[in-house]
Amino acid sequence: MVTRIGVLTGGGDCPGLNAVIRAIVRRGDDEHNTVAVGFRNGWQGVLEGNPQQLTRDSTRGILHRGGTIIGTSRVNPVDSPSGPERIAETLEVHELSGLIVIGGEGTLSAARRLSDEHGIPIVGVPKTIDNDLGGTQFTIGFSTALDVATEAVDRLHSTAESHNRVMLLEVMGRHVGWIATYAGIAGGADAILIPEQPFHIDRICRHLKRRHGSGRTFSIVVVAEGAVPAAGTLDMPDYEHDEFGRPILGGIANFLGPQIEQRTGFSTRVTILGHVQRGGTPNAFDRVLGSSMGVAAVDCAATGIWGRMVAMRGNAIVPVPLEEATRELKGVPAGMYEVAEVFFG
Ligand code: F6P
């Protein structure tokens, strides 16, 4: 008998999503006699109940493509009281045994509530360039974003050197600084500002002056978009909010650049990488991770292992409770930041 499974991608897109979709279709068809049914634009498609069948043909040639062929959105099904009911109805009408939900913290937190409180059968797949989901070592998309950010640091080095400048590079990272920390270490940054380690602007400027005083002619500073000053040290401008009530981040570097220039007297330039980090073709790691997680997710769904997220643990992909994945954001451990600090000199 054929088992039908719904698939959606929610939240911000990232490279590697199409690898997951392709893997769900192939593995399901080969091993489990499942049919994958895609919903457009995340939870919105499930709420509206308009699925499209995903076939070997419709998912051919998508492995190397960025974004998601089924679209995404930040619509949250538990925001409205009738949402969970409508999701259950869609499952029933389209004879789906459950959903594979590919998402970040927002999408999978909604998945956990639908699973725990409303009994909707769900398997989660962790994706976000921010790498902030618990339970898994890495999320799909992080590695490619890191490559893009590291290349940016490398490119800024040569122009910084030529002009004796401070270069401030802003990368994504709303609540956590994984991209900033890893790109900073990989690119040899002289200071890294992340949300987990509130910064002191005066200390950073003293550090840059000391560095230049000892003969260095340039500095590279990487800042995560969600970095925060230590309490009482700097008044930050307010952010506007999007239609989902989230602050629209992106731009902290525009504020900090002039602050650094004023305090140090060094010519300072700002680069904001923005959505370039999220777009484009996935690197090899994200293609492999996406493929492996897609296979694991459909294995779970086809064998009735629900309420779990597939997670990377060492070399294995294993199911972990959705609750564990979404309990708290996974920040950069202090020990990893200390590694970065070794090279700030
Ligand atoms: O996917 C997470 C993320 O990349 C954050 O780092 C960033 O703040 C956010 O998405 C921006 O998303 P958008 O501009 O699509 O709302």
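The values are calculated or read from the model by the stated rules, or taken from the named source; none is laboratory data. Because the structure is a prediction, the values reported are computed rather than measured. Positions of Cβ are backbone-derived with ideal geometry, glycine not excepted, and every protein chain shown enters the neighbour counts. Protein only, heavy atoms only, side chains kept; ligands, DNA and RNA dropped before computing areas. Shrake-Rupley method; radii C 1.70, N 1.55, O 1.52, S 1.80 Å.
The stretch between ASP154 and LEU234, if pulled fully straight at 0.36 nm per residue, gains 25.9 nm over its current Cα-Cα span.
Using a 1.4 angstrom probe with every protein chain in place, what is the largest-first accessible-area order of ARG211, ARG4, ARG313?
Result, largest first: ARG313, ARG4, ARG211.
Starting from the Cα of ILE305, step 7 Å toward the Cβ, then list every residue of the range 98-113 with an amide N under 17 Å from that point. Answer for this model: 98-102. Across the protein chains, with a 1.4 Å probe defining accessible surface, the residues LYS209, LYS330 rank LYS209, LYS330 from largest area downward.
Once you reduce the range 172-241 and the range 277-298 to the center of their Cα atoms, the two points are 30 Å from each other. How far is helix 17-27 tilted off the main Cα axis of the chain, in degrees rounded to 10, range 0 to 90? Its long axis makes an angle of about 30 degrees. The distance between label points at ARG65 and GLN262 comes to 4.8 nm (points 7 Å beyond Cα on the Cα→Cβ vector). Computed from backbone phi with θ = phi - 60° and the Karplus coefficients 6.51, -1.76 and 1.60, the 3J(HN,Hα) list for the range 151-159 is 4, 5, 4, 4, 5, 5, 3, 5, 6 Hz; x is used for glycine and proline. Rounded to the nearest 10 degrees, what's the angle between the helix 105-118 long axis and the longest principal axis of the chain, both from Cα atoms, 0 to 90? Roughly 30 degrees between the two axes.
Ranked by accessible surface with a 1.4 Å probe, highest first, in what order do GLU92, GLU324 come? Mind showing how you got there, number by number?
Details: GLU92 145, GLU324 60 Å².
Descending order: GLU92, GLU324.
On a per residue basis, the chain carries 42 Å² of accessible surface, using protein heavy atoms and a 1.4 Å probe. Cα centroids of the range 3-50 and the range 103-141: 14 Å apart. The figure for MET309 is an accessible area of roughly 0 square angstrom, using a 1.4 Å probe on the protein chains alone. When the alpha-carbon atoms of the chain are used, the pair Rg, Dmax equals 21.7, 74 angstrom.
Which peptide among 149-156, 254-261, 164-171 comes first, and what is the full order, when sorted by highest mean count of other Cβ atoms within 10 Å? Intermediate values should be presented prior to the final figure.
On the way: 149-156: 19.5, 254-261: 17.4, 164-171: 24.6.
For the peptides 149-156, 254-261, 164-171, the packing ranking is 164-171, 149-156, 254-261.
The relative contact order of the chain comes to 24 percent, based on Cα pairs under 8 Å that sit 6 or more residues apart.
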